[in-house]
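Here the structure comes first, spelled out in structure tokens, and everything after it is commentary.
The values are calculated or read from the model by the stated rules, or taken from the named source; none is laboratory data. Keep in mind it's a predicted model, so treat the numbers as computed, not measured. Please note: Cβ atoms are built from the backbone with ideal geometry, for glycine as well, and neighbour counts cover all protein chains shown.
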Amino acid sequence: MRAWGRQPHEIADPMNVALLLRKCATVWQNMAINTIQSYGAVALDPSRRVHLSGDRTRWIAPHNDPVFAELNKCPFSHEMPVVYATRLCEKWLDAIVEGAEYAPSRDGQAGGVAIDSGDVPPGDLYPF
């Protein structure tokens, strides 16, 4: 509203919609960075601290947040908004600009991938 004086779905120029979504994804990424760094800073045991990957595309936790009762205790890697919000924005743009059907999903909420168990796609059940 502040940038264009109208709701996002009322913005006529697709380039402006794309710019708005990129700005939102950037804000989302920066909020996530701040949250993870702040949360990690208060960990009593540094080895159990959540932290960002070097390129800030993933965050690593000593558990599969928000599930803390895994039988397999190991670090889990989670996507940051710069990864999953970019996918969401592409889907939204396809729906808004191209008229593609949007299928809601849990993209970005599927949990992490156990670092020591190989590449297990998010959303699949982990073996006990």
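Couple of notes before you dig in:
- Qualifying residues in the stretch 74-102 (those that are among the acidic types (Asp, Glu) and outside any loop (DSSP other than H, G, I, E, B)) - the one nearest to the chain's Cα centre (by Cα): GLU79
- Extreme residue, surrounded by the most Cβ atoms within 10 Å (Cβ to Cβ), among residues of the stretch 54-68 that are farther than 19 Å from TRP28 by Cα, out of contact with any Ser or Thr (no Cβ under 9 Å at 6 or more places or on another chain) and at pLDDT 65 or above: ASN64
- Note on the stretch 1-56: residues that are in contact with a helix residue (DSSP H, G or I) (Cβ under 7 Å, 6 or more places away or on another chain), outside any helix (DSSP H, G or I) and under 18 Å from ALA85 (Cα atoms) total 2.
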